[in-house]
Structures are given as structure tokens and as C-alpha cells.
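The structure appears right after this line, and notes come after that.
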Amino acid sequence: MSSKNLRIGIIGAGRIGIVHSGSVADTPGAEIAIIADAVEESAAKLAGQYGVKHTTDVSEIFKSGDVDAIIVGSPTPTHVDLISRAVDAGIHVMCEKPVDLDINNALTIKEKVANAKTNVSIAFNRRFDPNFAAVHARYKAGEIGRLQQLVLTSRDPAPPPRAYIAVSGGIFRDQAIHDFDIARFFVGDIAEVSTFASNEVVADAKAEGDFDTAITNLRSVNGELVTIINTRYASYGYDQRVEAFGEKGMLIGNNLTSTMVTSFNANGADQRDAYMPFFLERYAASYRKELQLFIESIQTGKQLNPTYEDGCKALIIADAATESAKSGQVVKVKN
Ligand SMILES: NC(=O)c1ccc[n+]([C@@H]2O[C@H](COP(=O)([O-])OP(=O)(O)OC[C@H]3O[C@@H](n4cnc5c(N)ncnc54)[C@H](O)[C@@H]3O)[C@@H](O)[C@H]2O)c1
């Protein structure tokens, strides 16, 4: 390993920490410096895979002087504190979404992050998905003219366990927040939010006072309209699509299947392979791309989007959607 590599500390050795560790190990110009997890066994297991140090004490990362950047993949309630400590220590951060479950807590470090000398980026990876990014780039290049309607479909293949739902902050802060960020990626700041939601399919969601099904309409400050379709369960798999409709045409980013083979036989026509199982597979390319751009942004000294402020704005929309779903009212967003 070269000493010129960016030395990255991974915090959280769970589902997403494992993904980010794999990306760092595969990316030229970066290396894993240390892996931290509250559970020693988890930290040791992942660190062992890459032959690197591990710890259960994150403060080791901040005082070691051996770490240039951290990737935060620990549970959401740890994010604000870890970002704050990294900024104090002069360490770059890429932190998982959402920034927090409580916008007031997230806003306590907004100024500090805005004035940070290091790069603080929120890992809304869908911006870096090749299909979403291509639809966005072609729209921005003028292919469909003025955007009138953006439709985002985001359905999970299976609901999370009840214990996860209980601490998730609800479907809007946990799942739909990715879509709120993609909406802002396309149309900028949001002015109004109106949501209908129900919970007749996933019993655990109902038991926790959460929703399993939602349709959210957004109006941007510039007047574009966005519809976001979310469910916690889709019988046919992970359904992730984007449709951008404008005065000169439409761009659609479709679901990915494992091959592009289409089969025709006595059982049916036009049959394709199943959709990618879930986010780890469907968005694999996006996790690698976001890391590559994070590294480049540190090398060039340019702040990578999405920023901490983007993270806060997506959370504000999630709060508005939660409020609208409960009250039945249109909620205005303060930007
Ligand atoms: N961008 C995405 O596609 C994506 C996907 C999944 C999860 N996430 C986000 O990543 C975060 C983690 O989710 P996950 O699904 O990987 O969870 P997980 O439960 O699989 O992993 C979290 C890990 O963090 C460890 N941990 C707990 N408290 C800690 C602490 N104080 N310090 C260090 N480690 C600690 C746990 O022991 C566990 O190993 C959440 O904020 C989630 O919203 C993002």
C-alpha cells in the first residue's frame, strides 16, 4: 500500500459498512486504515478480511493521525456526533443517509459543517447510479426541454424486521429520503409536499404506527411537479425507476435485471430475469462511483455533492411528508 493513498477509516461494519469497505479496497488511491464497530466481533471479522486494524473505540480514529477520511456506516443516531468530531479533527467525511432522525439535532452542526476545511458529503448514492445519472445528465443537457413531471418509483422487495421499523424514523425518513434527494437533484428546492399513505399490507409497519405504502407529490420552488411512489413490499422484487417528462419528450431509467436476455415460450412472451434482489446488488455501481468521486473531490479540494445541507433538506422534506400523511394537509417547506 502506498503512503500516498487516502487512508480511510470505516465506522460501522454492518450491511453498508461491508459495501463501503469493499469499494475502498477496490479503488486505486485509497486504502482502509482501520475499521471501527461497537461490536468487537463485527469489527474484527471485517478488518480480518482486509488485513487491517480494528477498534471498538471510535476516538482512536480521531486522535491517531493515521486517518485522512472516514466513511460513516454506523446507525443514524451516531451520524451528527461523528461528523462533528471529524470536522474538529480535520478529517474528511462521507456519511450515510439520513443525517439524523431529528432535524433540530442535524441543524446544530450545519454552520460548523458549512465552515469546515474538510469535505463533508452525505452518501445519497442514487445520484451516482449509472441510469439515474444518465437520465439526469440528458435532461440537464436539454433533451426533454423544460421538465414538467418527474416520477420516481421506489418499492422494496421485502419489509424490514419490526425492530428495524421501530427505530427507523418511519418510511419517509428511512426509505423515501433517497427519493427526496433525487427529486432535489433534478428540480432543486421543494416548496410544497402532499402525501397520501396507508398501512394495510405490512402488519409490522401498522403495529409501529408507520406506513407501508405512500404517494408523495412535490412542487418545486421553480414549479416542476414530482410524484414519488413508495412501498415497503413488492411481490416481484426491487422496483427502482425514474421517469422524466418534459415538453420535448421523456427519459426513463428502468429496472436492472441480471442479464438482458428475453425469453418467449409456452408460459409467456417477453419474459426477463428477475430484478436485482435489493440495494446491495442494484446500486453496487453507485457505491463505487460515489467513493471514487469522494476521493477525487478531496484531491481537487472541491466539495462533493450531496452536501450536509442537501442531507438536511432531504430530511426536512421527509418530515413534511410524514406530517402531510398524518394530517392530510399540504405542507409548505421552508428552505
Ligand atoms: N445508502 C444506502 O443505500 C444505505 C443502505 C443501508 C443502510 N444505510 C444507512 O447506513 C447506516 C447503517 O445501516 P446498516 O443497514 O448498515 O446497519 P447495520 O445494523 O447492518 O450496521 C450498523 C453497524 O454499526 C455498528 N454500530 C452500532 N453503534 C455503533 C457506534 N456507536 N459506533 C460504531 N459502530 C456502531 C453495529 O454494531 C453494526 O455493525 C444507517 O444510517 C442507514 O440508514 C444506507
If you go through I165, I171, I109, the only one that is under 28 Å from F294 (Cα atoms) and over 14 Å from the mean Cα position of the chain (by Cα) is I109
Basic (K, R), within 30 Å of G328 (Cα to Cα), surrounded by 14 or more Cβ atoms within 10 Å (Cβ to Cβ) and out of contact with any Asp or Glu (no Cβ under 6 Å at 6 or more places or on another chain): does that describe R241? yes
What number of residues within region 135-158 satisfy the criterion of being surrounded by 14 or more Cβ atoms within 10 Å (Cβ to Cβ) and among the charged types (D, E, K, R)? 4
State all residues of region 248-274 that are in a loop (DSSP other than H, G, I, E, B) and more than 21 Å from G145 (Cα to Cα); if no residue qualifies, say none. N255, L256, S258, T259, M260, V261, A266, N267, D273, A274
Among the numbered criteria (1) outside any loop (DSSP other than H, G, I, E, B); (2) exposed (fewer than 15 other Cβ atoms within 10 Å of the Cβ); (3) free of Cβ contacts under 8 Å to residues at least 24 places away in the same chain; (4) of a type outside the set (D, E, K, R), which single criterion is violated by S235? (1)
For region 35-64, name all the residues that are within 12 Å of the ligand (Cβ to nearest atom) and part of a strand (DSSP E or B). I35, A36, H54, T55
Any residue in region 86-99 that is farther than 19 Å from I295 by Cβ sitting within a Cβ distance under 8 Å of a residue that is within 15 Å of the ligand (Cβ to nearest atom) and in a loop (DSSP other than H, G, I, E, B)? List the pairs, counting only those 6 or more apart or interchain. K97/A123; K97/F124; P98/G169
Kindly list the number of the only condition in (1) more than 12 Å from the ligand (Cβ to nearest atom); (2) assigned to a strand (DSSP E or B) that fails for I10. (1)
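Conditions (1) closer than 30 Å to E111 by Cβ; (2) surrounded by 14 or more Cβ atoms within 10 Å (Cβ to Cβ), marked per residue:
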position	(1), (2)
N265	no, no
Y275	no, yes
F278	no, yes
F294	yes, yes
S297	yes, yes
D319	yes, yes
T322	yes, yes
Select from region 13-34 the residues that are surrounded by 17 or more Cβ atoms within 10 Å (Cβ to Cβ), within 10 Å of the ligand (Cβ to nearest atom) and not in a helix (DSSP H, G or I) and list them in ascending order. A13
Residues (within 25 Å of G29 (Cβ to Cβ), more than 16 Å from the ligand (Cβ to nearest atom) and either among the charged types (D, E, K, R) or buried (at least 20 other Cβ atoms within 10 Å of the Cβ) (or both)) located in region 299-317: K302
Within region 200-221, how many residues turn out to be of a type in the set (A, V, I, L, M, F, W, C) and either assigned to a loop (DSSP other than H, G, I, E, B) or not assigned by TED's automatic domain parsing to the domain that holds L147 (or both)? 4
For the structure I just gave you, tell me whether V67 is at pLDDT 95 or above and part of a helix (DSSP H, G or I). no
Please pick out the residue among V72, V99, V87, V93 that is surrounded by fewer than 22 Cβ atoms within 10 Å (Cβ to Cβ) and in contact with a helix residue (DSSP H, G or I) (Cβ under 7 Å, 6 or more places away or on another chain). V87
Collect the residues in region 208-231 that are closer than 24 Å to P130 by Cα and not acidic (D, E), keeping them in residue-number order. L225, V226, T227, I228, I229, N230, T231
Determine if region 265-286 includes at least one residue that is under 20 Å from I215 (Cβ atoms), of a type in the set (D, E) and not assigned by TED's automatic domain parsing to the domain that holds K97. no
Failed condition for K112, given (1) more than 24 Å from Q303 (Cβ to Cβ); (2) touching a helix residue (DSSP H, G or I) at 6+ places or on another chain (Cβ under 7 Å), with all others met? (1)
Scanning for something in a strand (DSSP E or B), out of contact with any Phe, Trp or Tyr (no Cβ under 9 Å at 6 or more places or on another chain) and under 30 Å from V202 (Cα atoms), does region 276-295 turn up at least one residue? no
Restricting attention to region 262-273, does a residue exist that is within 30 Å of the chain's Cα centre (by Cα) and more than 16 Å from the ligand (Cβ to nearest atom)? yes
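The values are calculated or read from the model by the stated rules, or taken from the named source; none is laboratory data. Because the structure is a prediction, the values reported are computed rather than measured. Note: ideal-geometry Cβ built from the backbone for every residue, glycine included; neighbour counts use all protein chains shown.
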